[in-house]
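Novice: Next up is a structure, given as structure tokens.
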């Protein structure tokens with residue numbers, strides 16, 4: 001009787017693992033990669049006043065975020081090809097260059113086990129000059 005119990009237990013474990021119940025490894029799929037084609041303006045004078053930066057490009061998500069030297073900024077979505085962000089005078093106080101990118105955030109999965117989400121994707125950097 002004990003042998004039958006052990007065989008049945010081993011069979012149940014093997015079937016459970018074989019059906020994928022042992023691990024839930026659902027990797028998100030790549031998201032939509034945004035691309036920047038133009039910054040307007042593309043430069044500013046150091047010590048100047050704050051301004052609105054317009055980012056033109058493609059594939060911007062409605063919740064896309066503009067990054068100024070890697071720091072996320074409060075971003076306004078205009079269209080899938082245009083975003084705006086307010087740049088305060090303190091961010092252009094000294095001369096130099098700044099890398100501007102756009103990130104489309106990750107999405108969560110909606111599948112039964114959380115599958116189906118996408119990864120965050122960030123555009124190639126575009127240089128903004130502070131003269």
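Novice: Quick one: how many residues across segment 14-43 are surrounded by 11 or more Cβ atoms within 10 Å (Cβ to Cβ) and at pLDDT below 95?
Specialist: Here the count works out to 7.
Novice: Taking the residues in segment 79-89 that are in contact (Cβ under 8 Å) with a residue 24 or more places away in the chain and not in a loop (DSSP other than H, G, I, E, B) as candidates, determine which candidate is surrounded by the most Cβ atoms within 10 Å (Cβ to Cβ).
Specialist: The initial filter retains those residues of segment 79-89 that are in contact (Cβ under 8 Å) with a residue 24 or more places away in the chain, namely 81-89.
When the remaining residues are screened for being not in a loop (DSSP other than H, G, I, E, B), the result is 82-87, 89.
Working: 82: 16, 83: 24, 84: 15, 85: 20, 86: 13, 87: 22, 89: 13.
Among those residues, the one meeting the criterion is 83.
Novice: If I ask for residues that are in a strand (DSSP E or B) and surrounded by 13 or more Cβ atoms within 10 Å (Cβ to Cβ), which ones from segment 44-71 would you list? Explain how you work it out, then say what you get.
Specialist: Pass one, segment 44-71, residues in a strand (DSSP E or B): 44, 51-58, 65-68, 71.
Within segment 44-71, 44, 51, 53, 54, 55, 56, 57, 58, 65, 66, 67, 68 qualify.
Novice: Based on what the data block shows, is residue 127 at pLDDT 95 or above, part of a loop (DSSP other than H, G, I, E, B) and surrounded by fewer than 13 Cβ atoms within 10 Å (Cβ to Cβ)? Full working, then the answer.
Specialist: Details: at pLDDT 95 or above: yes; part of a loop (DSSP other than H, G, I, E, B): no; surrounded by fewer than 13 Cβ atoms within 10 Å (Cβ to Cβ): yes.
For residue 127, the condition - at pLDDT 95 or above, part of a loop (DSSP other than H, G, I, E, B) and surrounded by fewer than 13 Cβ atoms within 10 Å (Cβ to Cβ) - is not met.
Novice: For the subset of segment 95-113 comprising residues that are over 18 Å from residue 42 (Cβ atoms) and either modelled with pLDDT of 95 or more or over 24 Å from the mean Cα position of the chain (by Cα) (or both), which member is surrounded by the most Cβ atoms within 10 Å (Cβ to Cβ)? Let's see the steps before the verdict.
Specialist: Start the filter on segment 95-113 by keeping residues that are over 18 Å from residue 42 (Cβ atoms), which leaves 103-113.
Retained after the next criterion (residues that are either modelled with pLDDT of 95 or more or over 24 Å from the mean Cα position of the chain (by Cα) (or both)): 103-105.
Numbers: 103: 20, 104: 22, 105: 15.
Among those that are over 18 Å from residue 42 (Cβ atoms) and either modelled with pLDDT of 95 or more or over 24 Å from the mean Cα position of the chain (by Cα) (or both), it is 104.
The values are calculated or read from the model by the stated rules, or taken from the named source; none is laboratory data. The structure presented is a predicted model; accordingly, all values stated were derived computationally and were not measured. Using ideal geometry, Cβ is built from the backbone for each residue, glycine included, and neighbour counts are taken over all protein chains shown.
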